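Have a look at the structure below before the remarks.
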Amino acid sequence: MRTVVKVAKKAYKSLLLKKRDEILASTRSEPEALSAKVQSSDEVEFAVRTVEQDVTVVTANLRSQTLKEIDKALARCAGGTYGVCEACGDEISPNRLKAIPWARYCLTCQELRSRN
Ligand SMILES: [Zn+2]
């Protein structure tokens, strides 16, 4: 039983690293796309492009937020507290970790927090 848990946690760690790589790769490819969009003198087009950029900025913020969470989760992997809810100390369910490998709280605690 203990071994099974250990193997599973290794799998989550590789999930985290994979996701981290994905985010870093997409962050690197974006600055060029951004500057390409600004080069337009057409005002209407510029307005449209500005909206597109806002979306990009929001996505970038979300991405850096996720990156931070992933780094914290990797630190918990190293510290041996990965998969444990930070609020109640229970094990976070494997299904939840599969969906959000960087989850800090169990579903119950997460729901309580989002309600407040
Ligand atoms: Zn909890």
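None of the figures in this text is laboratory data; all of them are computed from the coordinates on show. Source: prediction; values computed, not measured. Cβ atoms come from the backbone with ideal geometry, glycine included; neighbour counts cover every protein chain shown.
Could you sort 86-94, 53-61 so that the peptide with the highest average Cβ count within 10 Å comes first and the rest follow in order? Display every interim value, and only then the final one.
Details: 86-94: 14.1, 53-61: 12.0.
Highest to lowest by the protection proxy: 86-94, 53-61.
What FRET efficiency comes out for LYS10 versus VAL58 if R0 is 35 angstrom and r is the Cβ-Cβ distance? Round to the nearest 0.05.
Values: r = 33 Å, r/R0 = 0.95.
Calculated transfer efficiency: 0.55.
Can you list residues whose amide H is under 5 Å from VAL84's amide H, if they're 5+ apart or on another chain and H is modeled 1.01 Å from N?
Excluding prolines and chain starts, which carry no amide H, the hits are ILE92.
Residue separation times 0.36 nm, minus the C-alpha to C-alpha distance between LEU67 and LYS98: what's the value?
Length gained between LEU67 and LYS98: 9.5 nm.
How much length is gained on full extension from ARG28 to THR108, taking 0.36 nm per residue of separation minus their Cα-Cα distance?
Details: separation 80, 0.36 × 80 = 28.80 nm, distance 3.59 nm.
So the extension gain works out to 25.2 nm.
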